[in-house]
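Before any comments, here is the structure.
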Amino acid sequence: MRVTNYGGFMRATVAVIGGGYGGIAVAKALDEVTDVVLVEPKEAFHHAVASLRATVRTDWIPQIFIPYDRLLKRGRVIRDQAVAVEPSAITLLSGEEIEAGYIVLATGSRYPFPAKTDATETEIAHERYRRVQKELTAADSILLLGAGPVGLELAGEIKAEWPAKRVTLVDPAPEILPDNSARLRAELLRQLGDLGVRLVLGTRLAAEPPTEPGRFAPFTAGTESGEEISADLWLRCFGVEPVSGYLAGSLSAARLPDGQIRVTETLQVAGHPTVFAIGDVASLDEPKRAANAGKHAEIVTENIKILLAGGGDLATHSHPGFGILVPLGPEGGAGEIPGQKFLGPREASEWKGTDLMVGRFGDLLS
Ligand SMILES: Cc1cc2nc3c(=O)[nH]c(=O)nc-3n(C[C@H](O)[C@H](O)[C@H](O)COP(=O)(O)OP(=O)(O)OC[C@H]3O[C@@H](n4cnc5c(N)ncnc54)[C@H](O)[C@@H]3O)c2cc1C
């Protein structure tokens, strides 16, 4: 087993585990300050925020995978997976061990394809998006299970690309986006109605469809409320799952039953002042968002700088509110940002719908 100390001064080495939205932000921000290693099994950053556009548009597929090779100037991106993380040592799948003075856990969450992908090879990920697009092209009717932000956005993307396809959303909750305002719900429902999307709320399927998700294979499924729904293809639009199975030794105790990692208000892992957790994997009672992962990255960057400089009062996290912006295709959607105005379809399109922040993350990684 090889032991690598990437820094001349071990306590100055920061190991960031996971190169998603939070991980790339903290790694980039600390790169000029200290020795940074970023561990990430994927060949390229997956820009999940735009993945539903790439589900319906071939030209978007290459845009949602952005190589890591220009992220860091001094530090290194190691293409590997952390399999055991203890307070100052990380064991990788390859067998390599990294010692670090500070560790930032930024392993985020899994989500069913096509919202996220677990493919680590970019070409394999491209192929999966091309395949689901081909299957969607063949389908006249599509069933989306889950009417959260992902289901709503995917319905909008499908209708923007193929207006004649029939799209049905099923969700056990009686209303969409319960954490948001009635005004936002009404606006999204209005636009979905105009697009001809059908919502079946307050019930669930009695059993999962008998076919594989994302494959053209006509089926009929019954809801618990007694309705029969026929479709050519279905996709799962629920099931976020924090990724933290690698916690080992004394860090294991910080893993909560739901997989999140218990953090303090300074985003340190409870009981471990040199280990931080950010983004979807951190046990913060707030919406799981890339924007919030970016805010956590700012706090942790500041705190590691303070600790590197010898200590002091650390920055603390506060609830970011329930802001959301749900595009419904490039031209539609709605949103609300805490403390700012309500966003209708024109603003939603300008703020996000047109480029889905591809430019912003392309810049961060270049
Ligand atoms: C379709 C969709 C649209 C969205 N739109 C928005 C939006 O518009 N705005 C917004 O703010 N949020 C949005 N979100 C939510 C956002 O994508 C997540 O909140 C965000 O991905 C969380 O970032 P993260 O850095 O915590 O983790 P992730 O982005 O999940 O990244 C974690 C990384 O860690 C890596 N990793 C996992 N395990 C290991 C390991 N053992 N070792 C090393 N690396 C590992 C993974 O490969 C991955 O690259 C959207 C999500 C989806 C699915």
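Condition first: part of a loop (DSSP other than H, G, I, E, B) and open to solvent by 40 Å² or more (accessible area, probe 1.4 Å). Now tell me which residues in the range 269-310 satisfy that.
Just the residues of the range 269-310 that are part of a loop (DSSP other than H, G, I, E, B), to begin with: 270-271, 278, 283-289, 309-310.
Correct list: 271, 285, 288, 289, 309, 310.
In this structure, is residue 75 under 26 Å from residue 287 (Cα atoms) and either out of contact with any Gly (no Cβ under 8 Å at 6 or more places or on another chain) or open to solvent by less than 30 Å² (accessible area, probe 1.4 Å) (or both)? Explain how you work it out, then say what you get.
On the way: under 26 Å from residue 287 (Cα atoms): no; either out of contact with any Gly (no Cβ under 8 Å at 6 or more places or on another chain) or open to solvent by less than 30 Å² (accessible area, probe 1.4 Å) (or both): yes.
Answer is no for this residue.
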Within the range 156-171, work out how many residues are among the small types (Gly, Ala, Ser) and away from the ligand (no atom under 12 Å from the Cβ).
-> 2
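Just give me the residues in the range 223-268 being open to solvent by 80 Å² or more (accessible area, probe 1.4 Å), part of a loop (DSSP other than H, G, I, E, B) and touching a Phe, Trp or Tyr at 6+ places or on another chain (Cβ under 8 Å), in sequence order.
Narrowing the range 223-268 to residues open to solvent by 80 Å² or more (accessible area, probe 1.4 Å): 224-225, 228, 238, 240-241, 255, 257-258, 262, 265.
Retained after the next criterion (residues that are part of a loop (DSSP other than H, G, I, E, B)): 224-225, 238, 240, 257-258, 262, 265.
240, the sole residue that qualifies.
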The residue from 331, 347 that alone is surrounded by 14 or more Cβ atoms within 10 Å (Cβ to Cβ), over 26 Å from residue 283 (Cα atoms) and more than 15 Å from the ligand (Cβ to nearest atom) is 331
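From the list 156, 101, which one is modelled with pLDDT of 95 or more and open to solvent by less than 20 Å² (accessible area, probe 1.4 Å)?
Numbers: 101 fails: modelled with pLDDT of 95 or more.
Among 156, 101, only 156 is modelled with pLDDT of 95 or more and open to solvent by less than 20 Å² (accessible area, probe 1.4 Å).
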In the set 110, 130, which member is under 23 Å from the mean Cα position of the chain (by Cα), more than 14 Å from the ligand (Cβ to nearest atom) and open to solvent by 50 Å² or more (accessible area, probe 1.4 Å)?
-> 130
Of (1) within 9 Å of the ligand (Cβ to nearest atom); (2) without any contact (Cβ under 8 Å) to a residue 60 or more places away in the chain, residue 288 satisfies all except one. Which?
-> (2)
How many residues does the range 311-353 contain that are part of a loop (DSSP other than H, G, I, E, B) and in contact (Cβ under 8 Å) with a residue 60 or more places away in the chain?
-> 5
Out of curiosity, is residue 167 open to solvent by 20 Å² or more (accessible area, probe 1.4 Å) and not hydroxyl-bearing (Ser, Thr, Tyr)?
-> no
Of all residues in the range 30-65 being under 20 Å from residue 15 (Cα atoms) and of a type in the set (A, V, I, L, M, F, W, C), which is surrounded by the most Cβ atoms within 10 Å (Cβ to Cβ)?
-> 36
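Could you tell me whether any residue of the range 178-189 is touching a residue at least 12 places away in the same chain (Cβ under 8 Å) and farther than 29 Å from residue 325 by Cβ?
The first filter runs over the range 178-189 and keeps only residues touching a residue at least 12 places away in the same chain (Cβ under 8 Å), leaving 179-181, 183-184, 187-189.
From what is left, the residues that are farther than 29 Å from residue 325 by Cβ are none.
Taking every residue of the range 178-189 in turn, none turns out to be touching a residue at least 12 places away in the same chain (Cβ under 8 Å) and farther than 29 Å from residue 325 by Cβ.
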Does residue 84 satisfy the condition of being in contact (Cβ under 8 Å) with a residue 12 or more places away in the chain, of a type in the set (A, V, I, L, M, F, W, C) and touching a His at 6+ places or on another chain (Cβ under 9 Å)?
-> no
Name the pairs whose Cβ atoms lie under 6 Å apart, with the first residue in the range 111-136 and on the phi > 0 side of the Ramachandran plot and of a type in the set (A, V, I, L, M), the second open to solvent by 10 Å² or more (accessible area, probe 1.4 Å) and more than 14 Å from the ligand (Cβ to nearest atom), and 6 or more positions between them or separate chains?
-> none
Of all residues in the range 64-104, how many are touching an Asp or Glu at 6+ places or on another chain (Cβ under 9 Å), closer than 21 Å to residue 124 by Cβ and more than 12 Å from the ligand (Cβ to nearest atom)?
-> 1
In this structure, is residue 339 closer than 30 Å to residue 256 by Cα, more than 14 Å from the ligand (Cβ to nearest atom) and surrounded by fewer than 17 Cβ atoms within 10 Å (Cβ to Cβ)?
-> no
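Among the residues of the range 196-211, which ones are among the aliphatic types (A, V, I, L, M) and surrounded by fewer than 17 Cβ atoms within 10 Å (Cβ to Cβ)? Reasoning before the result, please.
From the range 196-211, those among the aliphatic types (A, V, I, L, M) are 197, 199-201, 205-207; that's our starting set.
Within the range 196-211, 201, 206, 207 meet the criteria.
The values are calculated or read from the model by the stated rules, or taken from the named source; none is laboratory data. In this text the structure is predicted, and so the values were computed from the model without any measurement. Note that each Cβ is placed from the backbone with ideal geometry, even for glycine, and that neighbours are counted across all protein chains shown. The accessibility values were calculated without ligands, DNA or RNA, using every heavy atom of the protein model including side chains. Shrake-Rupley method; radii C 1.70, N 1.55, O 1.52, S 1.80 Å.
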